[in-house]
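Written below as C-alpha cells is the structure these notes are about.
The values are calculated or read from the model by the stated rules, or taken from the named source; none is laboratory data. Just so we're clear, the structure is a prediction, and the values are computed from it rather than from any experiment. Backbone-built Cβ (ideal geometry, glycine too); neighbour counts: all protein chains shown. Areas reflect the complete protein model, heavy atoms only, side chains present, ligands, DNA and RNA absent. Shrake-Rupley method; radii C 1.70, N 1.55, O 1.52, S 1.80 Å.
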Amino acid sequence: MDNIQVFMRIRPLSEDEYRRDRTTESAVRFLSENTVSIPSQRTENFTFDFVGNETCTQQDVFDAVGRRAVERCMQGYNGTIFAYGQTGSGKTFTMQGARDEFTGPTDELRGLIPRCFEYLFKRISEEEVRTNGRVKYLCKASYVEIYNETIYDLLDPVMRTCAVREDIKRGVFIDNVTEETVQDPTEAYDVFMR
C-alpha cells in the first residue's frame, strides 16, 4: 500500500550494552536492503519499506521518511509519523535529536521533527514564489500524545484528553485540540518544546 509505510531504524549498542555483552555484533541480521531477521528470537524474516542500520544518520532517516511525508502534506494529504518501540530504543533521538533545544539547521544530530519543520517552511516559501504570491499557506501547530489509547493535548496546561472525529468538510481531525499559528521552523519548534 502506497499510503502506509513501515520503517525500521536499528540503533547501535550503547556503551553499557557493549561493556555487558562484550560484543559489537548486532542482534539483527540483514538479509537484503529491506529484509531482516532476528536469529536468536525467531526463524521468520521481516520486510520493511526502509531499514536504517546502526550507521544510519539523521539525514538518512529524514530522506527516507520525513521528506515524503512533508511532500504529501504539500499536496493536501495528512502526514503522520509514529515512533514506536521499547524504552531506550532510540525513538526520542530519531524524532527530536540529541539535544533538548533547537540548535538550527547546521546541527547534524537534529532529529526528524526539526528537519521536517525546516523542509516544510522551505517548500512553502518555494510554492509562494512559484505562484507569485497567489497562494498563501497558514500553518497551525498542535502537539498531542497518544498513550494507552487516550489522546492528550500537550499544549493545554491541564493536558485535557481529546477525541478523534470525522467531518465531511474537515475530514479526520482531533476535536478541541489547541492550535497555534506558526510562521517558521523556529516558531514551530518552540511550540513543540513547551
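Scanning the stretch 67-87 for residues that are of a type in the set (Val, Ile, Thr) and more than 16 Å from Lys122 (Cβ to Cβ), which turns out least open to solvent (accessible area, probe 1.4 Å)?
Per the criteria, the residue is Ile81.
In the list Asp107, Asp63, which residue meets the criterion of being open to solvent by less than 80 Å² (accessible area, probe 1.4 Å), among the charged types (D, E, K, R) and over 21 Å from Val191 (Cβ atoms)?
So the residue among Asp107, Asp63 that is open to solvent by less than 80 Å² (accessible area, probe 1.4 Å), among the charged types (D, E, K, R) and over 21 Å from Val191 (Cβ atoms) is Asp63.
Can you run down the residue pairs with Cβ atoms below 7 Å, 6 or more apart or on separate chains, where the first is in the stretch 59-87 and charged (D, E, K, R) and the partner is not in a helix (DSSP H, G or I)?
Asp60/Gly52; Arg72/Gly79
Is it the case, given these coordinates, that Asn132 is open to solvent by 50 Å² or more (accessible area, probe 1.4 Å), over 24 Å from Val61 (Cα atoms) and in contact with a Lys or Arg (Cβ under 9 Å, 6 or more places away or on another chain)?
Criteria not met by Asn132.
What strands (runs of 3 or more DSSP E) completely inside the stretch 1-87 contain at least 2 residues that are at pLDDT 80 or above and more than 30 Å from Tyr143 (Cβ to Cβ)?
35-37, 45-47
Would a scan of the stretch 155-168 turn up a residue that is over 20 Å from the mean Cα position of the chain (by Cα), surrounded by fewer than 16 Cβ atoms within 10 Å (Cβ to Cβ) and within 22 Å of Gly66 (Cβ to Cβ)?
No, the stretch 155-168 has no match at all.
So is Arg123 under 20 Å from Cys73 (Cβ atoms), open to solvent by 90 Å² or more (accessible area, probe 1.4 Å) and of a type in the set (Lys, Arg) or not?
no
For Gly76, indicate whether it is under 29 Å from Tyr189 (Cα atoms) and touching a strand residue (DSSP E or B) at 6+ places or on another chain (Cβ under 8 Å).
No: the conditions fail for Gly76.
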